[in-house]
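The values are calculated or read from the model by the stated rules, or taken from the named source; none is laboratory data. In this text, all values refer to a predicted model and were calculated from it rather than measured experimentally. Note: ideal-geometry Cβ built from the backbone for every residue, glycine included; neighbour counts use all protein chains shown. When the accessible area is computed, the model is the full protein with side chains, heavy atoms only, and any ligands, DNA or RNA have been set aside. Shrake-Rupley method; radii C 1.70, N 1.55, O 1.52, S 1.80 Å.
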Amino acid sequence: MLRRIRDWFKSIFKLLKDKEYHQVRIKIKRLFVGMKFTDGLIYHVIIYAMLIALGYIYLYPVLYMVTGSLMSMEDIIDVSVKWIPSTLNWENYRIVFTEIQYFDALKDAMLLAVLPALSATVSSAIVGYGFARYNFPFKNVLFVLMIASFIIPPQITMLPTFRMYSQYNLLGSLRAFIYPAILGQGLNGAIYILIFYQFFKMIPKSLEESAQLDGASNFKIFTRIAIPLAIPSIIIVFLFSFVWYYNETYLSGLFLRGSDMLTLPLRIQQYINNFTSIYPEGSRARELMQAVKLAGNVLTLLPLLIIYFFTQRYFVESIDRTGITGE
C-alpha cells in the first residue's frame, strides 16, 4: 500500500515537471492573472463586478422612480406589486402635464437656469483670469474670502441676504439670481472661479507676452487668446451652473416667493402640497399622489437627460482637459 502511494506521488511530480504541462500551466496563469494582473480575467471580473454594483446603486432610485410613476392606485396599495406594475398607467403623467402646465413651467425653469448660468460663466471667467494673471493689493486676502464664501453654509447668510434683497427690491424677481451671478456670487460661484483660475494658470505666459509685443491690449489678450483656449472650462462651468440653478428649490422658494416664475421641481412640489393638504392623512387620494409625484420627478429629470445626451462628448472632453476629478 505504501509503495503504491509512493509511486503515485512520483508520477504526479513527474507530471508537474513535464514541459507540456508547464506550458499549459503558464497559459492558464496568463488567462486568469495576466502578465501584470491588470490584463487578467480575475482583474476584469473584479472591475466589472464593482462597476455593476456602483451602477446599481445609482440606477436604483431612477428605476424605482420610473416604475413607480407608471403604477395605478391599486398597484401602489397592493403590497405584492414591487417593481413591475400590473398595467402601465399614463394617467399620472397626464395629471402633471395638465395641472402644472408643464411646457409653460419648463419655459420658466429654463429662464431661471440659463440666464443666471450665462451670467455666472462670464463673471467667473473674468474674476478667475484676474486672479490668475494680475497682482494687486490684498489679492491673497480676497482669494481667501472668495473661497470662504463657498465654505460658509448658505443657511448662515440666508437672513442678511434676504434683508438685503428686500431693500433693493429684488425679491420675487429673476434679478435675485441674475445680479449675484453677474457679480460672481451666484450659486457655488467660488467653484467656477477656481475652475477658471486653475485653467488660466496652466496657459503659458509666453502667448500673452507675444501678443503684447504685437501691440495687443489686455482686453484683446483676454478675448482673443484666453477665452478661446478656455472653451473646456466654459462648458464645464455653464453645465454645472445650469444644473444647480435648475434643481434649486430652497433659495428659489425663498427669493421668488410671490412670483409666477418657479423652478420645475418647486412647481411640482407646490402642486403636490396643495393637493394633499385637502385630504386627510392615509387617504387613497394621498396614495395616488405618490405616483403623480414620481411622474413629476421623471418629467423634471427628462430635460437634464436630453441636454446631457447631446453634450456628453463635450462634457467628458472638458473634464479631461480641465483636470476636474469630481464635485
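Across segment 34-73, the qualifying residues are those that are over 30 Å from residue 298 (Cβ atoms) and open to solvent by less than 50 Å² (accessible area, probe 1.4 Å), and the one among them that is modelled with the highest pLDDT is 40. In segment 84-103, the residue that is nearest to residue 266 (Cα to Cα) out of those that are more than 26 Å from the chain's Cα centre (by Cα) and not in a helix (DSSP H, G or I) is 101. Taking residues in segment 191-206 that are among the basic types (Lys, Arg), and partners anywhere that are at pLDDT 85 or above and assigned to a helix (DSSP H, G or I), the pairs with Cβ atoms closer than 6 Å and at least 6 places apart or on different chains are 201/132. Just one of the listed residues (106, 171, 145) is open to solvent by 50 Å² or more (accessible area, probe 1.4 Å) and part of a helix (DSSP H, G or I), and it is 145. Of the residues making up segment 167-189, just one is of a type in the set (A, V, I, L, M, F, W, C) and under 14 Å from residue 130 (Cβ atoms), namely 183.
Restricting the first member to segment 74-103 and to residues that are farther than 23 Å from residue 300 by Cβ and open to solvent by 40 Å² or more (accessible area, probe 1.4 Å), and the second to residues that are part of a loop (DSSP other than H, G, I, E, B) and among the hydroxyl-bearing types (Ser, Thr, Tyr), the beta-carbon pairs closer than 7 Å and six or more apart or on different chains are 87/72.
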